Amino acid sequence: MPVGVGQIEPMHPGSVHRVDARAGVIAVDGERELTFRPGEEPAVRLRPDGPRCVDVPAVLAASARLGLLASIHQTQGGEQ
């Protein structure tokens, strides 16, 4: 189902962003979804002390580049 975008603006820590919809689902962090019904007025606030985000592809690429993913056999001159 297509989803429209009404506006785009930066989210600064502590600022409150109201959701302009009668009902729906807010996808929070890729795992949690918050459902709201007609009459509810959801809002989103960015918290600086919230969960950390990890760029998994970047971490894996850097780890491979630095040789951190080599097995113990490879690092000791053995075969894998």
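Every read-out reported here was derived from the displayed coordinates using simple, explicitly stated rules and does not represent laboratory data. Note that the structure is a prediction, hence the values are computed from the model and not measured. No Cβ is skipped: glycine too gets one built from the backbone with ideal geometry, and neighbour counts run over all protein chains shown.
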Taking the Cα-to-Cβ direction at residue 1 and at residue 16 and moving 7 Å from each Cα, how far apart do the two end points lie in nm?
2.7
For the chain, restrict the atom set to alpha-carbon positions and state the Rg and Dmax in Å.
21.1, 66
